[in-house]
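Scroll down for the structure; my scribbles are underneath it.
The values are calculated or read from the model by the stated rules, or taken from the named source; none is laboratory data. Just so we're clear, the structure is a prediction, and the values are computed from it rather than from any experiment. Neighbour counts run over all protein chains shown; Cβ positions are idealised from the backbone, glycine included. These area figures cover heavy atoms from the full protein model, side chains too; ligands, DNA and RNA do not enter into them. Shrake-Rupley method; radii C 1.70, N 1.55, O 1.52, S 1.80 Å.
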Amino acid sequence: MLGNLSLAENSLTSDGADLITLAWETISICFTAMTPFLPQLLVPGSVSFILLERQILQQVTPVVSGFYKASPQERPLLLFSNADQWVGVYIEYKFQTPIATHLQGLANHLAQNITDPILQKSSIVANGEKPELVLYEVWLQILGQPYTKALEDKTSPEFWALQGQLTRWVKWWDEVGGRGRGLGKMGDDWTRLW
């Protein structure tokens, strides 16, 4: 920005910070959104893309801004991918002003402060680091609910009906001190809550 001035870069400081601590920073965040993947999510500008983008950025951007005490650019790079029928999310923020680099703890900050249940907190990777979470597993055999082939498809009505029932239970369980993350398969007539 100083044009053709010949500077010793290691001598340039501002308010006690040098170029190493005031570098333009790019922040990358990856996680899984617990919502069924739709092919339209691969098309930026599609209705599905815009709706999910809005939901995710409304949750993530304020938390990132609070962590760095600075506002990122208005339009971050956001990409969706297919993550085993769920939605893989990649967000890249650049900041309008220089920020301190190499800050640790963004992953923990995101996991503690984002409340949207579609974000799978154990899948967060922020600037290469994962959050420090205590994970619990709960195994259930649901009487009167045999495991069917339809439950393997996370977009099926059967899956979502059972997911809704279990989610209500998990929310109650979470309020009394547990944690829950999703639905999977254990055996022929078992359903796994993990």
Test: residue in the stretch 104-113 that is of a type in the set (S, T, N, Q), within 19 Å of Cys30 (Cβ to Cβ), open to solvent by 40 Å² or more (accessible area, probe 1.4 Å) and in contact with a strand residue (DSSP E or B) (Cβ under 7 Å, 6 or more places away or on another chain): yes
Can you tell me which residue in the stretch 114-138 is farthest from the chain's Cα centre (by Cα), limited to those that are closer than 21 Å to Asp84 by Cα and loosely packed, with under 13 Cβ neighbours inside 10 Å? Glu137
So which pairs qualify, if the first residue must be in the stretch 154-180 and modelled with pLDDT under 60, the second must be among the aliphatic types (A, V, I, L, M) and open to solvent by 30 Å² or more (accessible area, probe 1.4 Å), the Cβ gap must be under 9 Å, and the two must be at least 6 apart or on different chains? Arg179/Leu133; Arg179/Val134; Arg179/Leu135
Looking at Glu92, Glu129, which is the one that is at negative phi, in contact with a strand residue (DSSP E or B) (Cβ under 9 Å, 6 or more places away or on another chain) and among the charged types (D, E, K, R)? Glu92
For the stretch 124-147, does any single residue satisfy the condition of being of a type in the set (D, E, K, R), in contact (Cβ under 8 Å) with a residue 60 or more places away in the chain and either in a loop (DSSP other than H, G, I, E, B) or within 18 Å of Thr61 (Cα to Cα) (or both)? no
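Might you let me know whether the stretch 181-189 holds any residue that is loosely packed, with under 12 Cβ neighbours inside 10 Å, at pLDDT 55 or above and either assigned to a loop (DSSP other than H, G, I, E, B) or of a type in the set (Phe, Trp, Tyr) (or both)?
Initial filter on the stretch 181-189 (loosely packed, with under 12 Cβ neighbours inside 10 Å): 185, 187-188.
The next check asks that each one be at pLDDT 55 or above; those that pass are none.
No - not one qualifying residue is present in the stretch 181-189.
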Quick one: in the stretch 57-100, of everything that is closer than 20 Å to Pro131 by Cβ and of a type in the set (Ser, Thr, Tyr), which residue is surrounded by the most Cβ atoms within 10 Å (Cβ to Cβ)? Tyr93
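Quick grid of which residues meet (1) in contact (Cβ under 8 Å) with a residue 24 or more places away in the chain; (2) of a type outside the set (Phe, Trp, Tyr); (3) under 28 Å from Glu152 (Cβ atoms):
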| position | (1), (2), (3) |
| --- | --- |
| Cys30 | yes, yes, yes |
| Phe37 | yes, no, yes |
| Leu78 | yes, yes, no |
| Gln85 | yes, yes, yes |
